[in-house]
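Since the structure comes first, as structure tokens, the remarks are kept for the end.
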Amino acid sequence: MYTDYIIYGIVGLVILIIIGLYNTIIRKRNEVNNAFASIDAMLKKRYDLLPNLVELVKQYMAHEKTVFVEITKLRSQVSSEIPSDEKLEKYNALQKHADRLLLNVENYPDLKASANFLHLQASWNSTEEQISASRRYFNAAVTDYNNHIQMFPYNILADLLKFSPQSVFEISNNERQNINAKELFNS
Amino acid sequence: MKNGSGDFDVLFNKILYDKLIALEEKRKSGIRESIRYFFISVPFAAILIYLMVKNPEPILVFLSAFPTFAFLGYSAITIRQTRIMLTPKFKKEILLPMLQYLFDDVEYLPRQRMSKALMQRSLLMSKTVDSTGGDDFVRCRIGQTSIMFSETEAYHGSKAEMIFSGIIITAGFNKSFMTKTVVLPEKSTTRWRKFKLNFSGQMKNAEIVKLEDPVFEKEFMVIGESQVESRYILSPSLMQRMLDYKNKVNRQTSFSFVENRLYVAIPILTNMFEPRIFEPLSDKEFIRINYDYFRLFTDIVEDLDLNTRIWQ
């Protein structure tokens, strides 16, 4: 009689532990998704600044027409339907063009001194920093999730339910290289 | 535009020296008077001791005790009066010009301190602030950054339990943000603080923010309302600068970022920015200590790079 209760008790306890472990892994995974969504939101914020940047800069940099065309083309290709990876690629391409525009501002003193431009540049810098913060959050969330699913006793459940480790955000090899200022200014 | 740096020798020799000499004369005169009364009390004290040993007649003891204590008391009162007379002069004639030499738009209120509301808003106090004490409130501008600081004590409850004594600094931060982030010394903070901040409604959905800098993580516990915004505020370079500032201050420093302002709490038990009575006021090293305190508290602007405003 008592033995039955003890067995039921142990089984109940084991079930509760499994539920606890499972919920922890799910919570960590959701945090990773949430962190990724925050990167997406920040990239979108920067993306929304682009039309203002183009409009403002266009008045001063008439002969940078090809960059404007490229930016408009890339913007039209970004929609909510395309997969995240592809969207990130487009965002990064847009970023390169926008960076080029911002770099060329040095050659246009009137534009550089314009209050609208200064405001836009501040918003741009702020968004850049927020994107960086989101990436750091994503990396922290991924590290925490990976640590959990690889550590005992979570790893038993993670292996059974096929929770796989995720990759942290890493900069590309191109970005890792030292910046060649000469090349940048000639582009 | 002044940036908090300047040649101390120029300040001391050209701006403060004459005033210090005048103040030193007043201090010496006060001390001399006090010593005079003390020495007058000495013969009466000798008579008092003699009578108490040889002939403890109450009326005689009283007659000799009265002048002894009267002159001793007057000596102490003279010291106190000298201090009361020197303090506002020292603050107005020495500390104010010192601040004006270092910073722009200086407002110095020697008898004011940070308000209770500000202390509460800073989220740096471990308990509710019910009353405050302190003095030497300074408001000034360094470049584009407005900064305020004062010696402040915070008390909790009807028994006025002291929960903080030291310097509170607040400055405009160079980034805009919507949520609150608190950076507390790891050694003296438990996770219970997070629950308290949430439970009291001072923060909403506050979480522990784990940052990537291991040295920073070892020194501080970060509690933030938003994982992303806390990291936006605490960029890797700012974390390093905060660590350097903490090491420079050499105290358990706490920081918070609330409503686009930075708050810093540095616990210090010494009463700073006061004249001294028993040692020369015109001593260069003594004046330098006050100068260095001002520099240390305002260096936060330079050290945390608050004048770089590329985000606003």
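Do you know which of the residues in the stretch A:29-61 that are among the hydrophobic types (A, V, I, L, M, F, W, C) and surrounded by fewer than 15 Cβ atoms within 10 Å (Cβ to Cβ) is modelled with the highest pLDDT?
Per the criteria, the residue is A:ALA37.
Restricting the search to the stretch B:1-50, which residues are in contact with a strand residue (DSSP E or B) (Cβ under 7 Å, 6 or more places away or on another chain) and basic (Lys, Arg)?
Matches in the stretch B:1-50: B:LYS2 only.
Consider B:GLU302 carefully, then state whether it is closer than 30 Å to A:ALA115 by Cβ, open to solvent by 40 Å² or more (accessible area, probe 1.4 Å), outside any loop (DSSP other than H, G, I, E, B) and in contact with a strand residue (DSSP E or B) (Cβ under 9 Å, 6 or more places away or on another chain).
Judged against the criteria, B:GLU302 is a match.
For every residue, the table says whether it meets (1) open to solvent by 10 Å² or more (accessible area, probe 1.4 Å); (2) among the aromatic types (Phe, Trp, Tyr).
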position: B:LYS246; (1), (2): yes, no
position: B:VAL249; (1), (2): yes, no
position: B:VAL264; (1), (2): no, no
position: B:PHE273; (1), (2): no, yes
position: B:PHE278; (1), (2): yes, yes
position: B:ILE287; (1), (2): no, no
position: B:PHE297; (1), (2): no, yes
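Could you pull out the residue among A:ILE15, A:ILE26, A:ILE7, A:ILE71 that is modelled with pLDDT of 85 or more, over 18 Å from A:SER126 (Cβ atoms) and open to solvent by less than 80 Å² (accessible area, probe 1.4 Å)?
After ruling out the rest, the residue left standing is A:ILE26.
Could you check the stretch A:111-143 and list, in sequence order, the residues that are open to solvent by 10 Å² or more (accessible area, probe 1.4 Å) and facing another protein chain (nearest Cβ under 7 Å)?
If the condition is that a residue be open to solvent by 10 Å² or more (accessible area, probe 1.4 Å) and facing another protein chain (nearest Cβ under 7 Å), then A:ASN125, A:SER126, A:GLU129, A:GLN130, A:ARG136, A:TYR137, A:ALA140 are the ones that fit.
Inspect the stretch B:148-165 for any residue being farther than 24 Å from B:MET203 by Cα, open to solvent by 50 Å² or more (accessible area, probe 1.4 Å) and within 16 Å of the chain's Cα centre (by Cα) and give the result as yes or no.
Scanning the stretch B:148-165, I find no residue that is farther than 24 Å from B:MET203 by Cα, open to solvent by 50 Å² or more (accessible area, probe 1.4 Å) and within 16 Å of the chain's Cα centre (by Cα), so the answer is no.
All but one of (1) modelled with pLDDT under 95; (2) on the phi < 0 side of the Ramachandran plot hold for B:GLY157; which doesn't?
So the condition that B:GLY157 fails would be (2).
crowded, with 16+ Cβ neighbours inside 10 Å and at pLDDT 90 or above: does that describe A:HIS148?
When the stated conditions are applied, A:HIS148 passes them.
Tell me which helices (runs of 4 or more DSSP H) are completely within the stretch B:1-102 and hold 1 or more residues being free of Cβ contacts under 8 Å to residues at least 24 places away in the same chain and in contact with a Phe, Trp or Tyr (Cβ under 8 Å, 6 or more places away or on another chain), or say none if there are none.
Those helices (runs of 4 or more DSSP H) span B:58-90, B:96-102.
Looking only at residues in the stretch B:191-228 that are in a helix (DSSP H, G or I), within 13 Å of another protein chain (Cβ to nearest Cβ) and in contact (Cβ under 8 Å) with a residue 12 or more places away in the chain, which one is least open to solvent (accessible area, probe 1.4 Å)?
Ranking the candidates gives B:PHE216 first.
The values are calculated or read from the model by the stated rules, or taken from the named source; none is laboratory data. This is a predicted model, so every value here is computed, not measured. Quick reminder, even Gly has a Cβ in these numbers, built from the backbone with ideal geometry, and neighbours come from all protein chains shown. Only protein heavy atoms, including side chains, enter the accessible area calculation; ligands, DNA and RNA are left aside. Shrake-Rupley method; radii C 1.70, N 1.55, O 1.52, S 1.80 Å.
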